[in-house]
Structure formats: structure tokens, C-alpha cells
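The values are calculated or read from the model by the stated rules, or taken from the named source; none is laboratory data. The structure displayed is predicted, hence computed values, not measured ones. Positions of Cβ are backbone-derived with ideal geometry, glycine not excepted, and every protein chain shown enters the neighbour counts. We work out accessible area using only protein heavy atoms, side chains counted, and drop any ligands, DNA or RNA first. Shrake-Rupley method; radii C 1.70, N 1.55, O 1.52, S 1.80 Å.
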Amino acid sequence: ENFRVWRFLRRRATRLLPAYYASLVVVLLVVVLAAGRLGLTPLSGPGVALQAVTHLTMTHSLFPSTFYALNGAYWSLGLEWQLYLGLPLLVIGVRRFGLARTVAAVIAVNIVYRIGLQVAINLHGVAAASPLATDVLPNLLPGRWAEFGFGMVAAELYSTGRIGRWAAQARWAILGLVPLAAVAVLSVGSPLEHLLFGAVFFLLLCTVLAGGSWLSHLLSWRPLAAVGVMSYSLYLVHQPIVQSLCFLLRHTGSPRLVFVEVLLLVPAILVVAWLLFVTVERRTLRSAGGEAVPGSPEALLLSPLRWLRRRGAADGGLSEVA
């Protein structure tokens, strides 16, 4: 009832853009200074400018040349902002027609768009193997809208407390995940694969939010929850690091051995993500002056900082690290 478009967009921008822009600056510097030596795509001066402008304005997911160019994970941020800009339309729909009808309409639009796109590809209106057909067009707002609609339903169930009714049936919901996940896997390559995987995630999310199941207890494990707290930072940095590691390790053995070596280096990836989290992202998670609750996943992540501060003070060095 109190939804305000500009307030919503401002809060989303404050939450998401600082860490994104910080990682973007680092990636651009690495591409300019050492792209060829790390297996990243070298860019000319105009190419760097194009990437910078489109990524800063969140339009990079609209063009094949910028969709995956800098960081394979960045494309979803462009889609995310399309979804945010389309949210007011959904709010109007919910107020006038109700949540169920609005989400049903969103799913219908998603299905019609995806099938229409596949028909256009089959009729050679869009080149089948082109990045436009495989990357850009399927991942525009109407092509991924249903997943956002599922998220709206989960948020409504949780905010109204109705998610608690799920708890009594959590065991059956988990069992239902198995055949649904199997159908989703079998659908890979079809126009509606993302819709089915979105349904799987929706069922999984509701089961976890309801609590009372082994799945919710597993995901509440503190170290795993701590990684979840910094998951956005991890998402922003993991792809170029993995790509660079694979390039640097390419001569150490077979692709399988390189894969194992990269897995062994996962702690290094977590450290880089942690650095982005403690220097930038954590400041967007809570209001100014707020402190992490002792014993919480966030406090677990910040405990190394406290140790460094104490060590610095004991050594007569810097008392403030971040």
C-alpha cells in the first residue's frame, strides 16, 4: 500500500550499485593492464569505453558485444534492473486484479514470448546460433518475468505469515522437488526451461522459509549462512577469477586436473569476495552506525577484521582496517 517507485529504486541502487561498481572498476583495470596474461578478452580503447558506459548504465545485457564481455555474471544485473523498472506495472496489477491473476498474467507473457522467440528462430527470423538468439533476447524482461512473479508470491506468503502453513507439508514439498527438478533438467534446451527451473527454486525457497525441515536446518548452518551473507560479492567476483585460474593452470595437466585444481583454490575466491564484502558491500546491508548481531553470520564474517584491528593496535599500527 505504501509502495513508492523512486524510493524503491533508490533503495535498490544503494544496496546493489556500490559493490557492483567497485568490482566493475577492478575488472576494467585488469582488462586494460593484464587481460592477455590472464585469459580475459583484450579490449581496445573504444572497446573499454563502450563496456564502461553500457555497464554503468545497466544496458550491457541489451547487446551481444557487451552481454558477457567483461564478466559472465554481470548480465543478470542488467536483467535485474529491467525487472525493477517493470515492478510498478506489477504493483498496479496486484492492486487492481490481485496477486494470483497478476502472476498468472506474467507467466502467460513469459510463455508466449519464449515460444514466439523460438518460432522466430525456427523461421530464420533470428539466426539460431547467434548471441542475439541464445543470450540477449531470451534474457530480456518478458523472457524471465515468471521467475520474478514466483518471487513475488514467495515474498507475499512470507510477509503475511502464511508461509507457516507450508511447514506441516514441508516433507511432501521436498519430495515434490525431485520430479519437478527432473522435469526441469529434461527441459534444458527447450524455450521454457527457465520457467521450470524457476518453479523448482520457488518450491525450494518456500520450503526453506517455512522451516522445520532438514533442508532449512542445513541452510541455516552458520558457515554456510555466512557465505550466504556475502553471496552478492561472491557472485560479482567469481567468474573472472575462475576464468583467469583456468587460463593460468591450462598447462598443468588435463582439463579434469585443472578442474580439481580450481576447486582447491575456492578458498582464494572466497577471500577475494570477503574483501569486497568488508570494504564495500557490508556498508549497504545496514543503516549507518548499525552493528552486526553477535553470533550472527555477518559477525562471523567480520571477526577477522576485529582480530586484525586488535593485532594492529597491539603492534602500534593502524587500529582501523575497514
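So is Phe202 in contact (Cβ under 8 Å) with a residue 60 or more places away in the chain, part of a helix (DSSP H, G or I) and of a type in the set (Phe, Trp, Tyr) or not? Steps first, please.
Details: in contact (Cβ under 8 Å) with a residue 60 or more places away in the chain: no; part of a helix (DSSP H, G or I): yes; of a type in the set (Phe, Trp, Tyr): yes.
The answer is no for Phe202.
How many of the residues in region 36-68 are assigned to a loop (DSSP other than H, G, I, E, B), open to solvent by 50 Å² or more (accessible area, probe 1.4 Å) and either small (Gly, Ala, Ser) or in contact with a strand residue (DSSP E or B) (Cβ under 9 Å, 6 or more places away or on another chain) (or both)? Steps first, answer last, please.
We begin by selecting, within region 36-68, every residue assigned to a loop (DSSP other than H, G, I, E, B); these are 39-44, 57-59, 63, 68.
From what is left, the residues that are open to solvent by 50 Å² or more (accessible area, probe 1.4 Å) are 41-44, 57, 63, 68.
Now drop any that are not either small (Gly, Ala, Ser) or in contact with a strand residue (DSSP E or B) (Cβ under 9 Å, 6 or more places away or on another chain) (or both), which leaves 44.
Selection size over region 36-68: 1.
For every residue, the table says whether it meets (1) closer than 23 Å to Val5 by Cβ; (2) open to solvent by 30 Å² or more (accessible area, probe 1.4 Å); (3) in contact with a strand residue (DSSP E or B) (Cβ under 8 Å, 6 or more places away or on another chain).
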position: Tyr84; (1), (2), (3): yes, no, no
position: Val112; (1), (2), (3): no, yes, no
position: Val153; (1), (2), (3): yes, yes, no
position: Gly161; (1), (2), (3): no, yes, no
position: Val178; (1), (2), (3): no, yes, no
position: Val185; (1), (2), (3): no, yes, no
position: Pro191; (1), (2), (3): no, yes, no
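Any idea which of Leu17, Leu29, Leu33 is in a helix (DSSP H, G or I), of a type outside the set (Gly, Ala, Ser) and surrounded by 15 or more Cβ atoms within 10 Å (Cβ to Cβ)?
Details: Leu29 fails: surrounded by 15 or more Cβ atoms within 10 Å (Cβ to Cβ); Leu33 fails: surrounded by 15 or more Cβ atoms within 10 Å (Cβ to Cβ).
Testing whether each residue is in a helix (DSSP H, G or I), of a type outside the set (Gly, Ala, Ser) and surrounded by 15 or more Cβ atoms within 10 Å (Cβ to Cβ) leaves just Leu17.
Criterion first (open to solvent by less than 60 Å² (accessible area, probe 1.4 Å), assigned to a helix (DSSP H, G or I) and in contact with a helix residue (DSSP H, G or I) (Cβ under 6 Å, 6 or more places away or on another chain)) does Leu245 satisfy it? Walk me through how you get there before you give the answer.
Values: open to solvent by less than 60 Å² (accessible area, probe 1.4 Å): yes; assigned to a helix (DSSP H, G or I): yes; in contact with a helix residue (DSSP H, G or I) (Cβ under 6 Å, 6 or more places away or on another chain): yes.
Spelling it out, Leu245 is indeed open to solvent by less than 60 Å² (accessible area, probe 1.4 Å), assigned to a helix (DSSP H, G or I) and in contact with a helix residue (DSSP H, G or I) (Cβ under 6 Å, 6 or more places away or on another chain).
Could you tell me which residue of region 129-140 is farthest from Val188 (Cα to Cα), considering only residues that are surrounded by 17 or more Cβ atoms within 10 Å (Cβ to Cβ) and touching a residue at least 24 places away in the same chain (Cβ under 8 Å)? Can you show your working first?
As a first pass, look at region 129-140 and keep what is surrounded by 17 or more Cβ atoms within 10 Å (Cβ to Cβ): 133, 136-139.
Remaining after also requiring touching a residue at least 24 places away in the same chain (Cβ under 8 Å): 136, 138-139.
Details: Val136: 17, Pro138: 13, Asn139: 15 Å.
By that ranking, first place goes to Val136.
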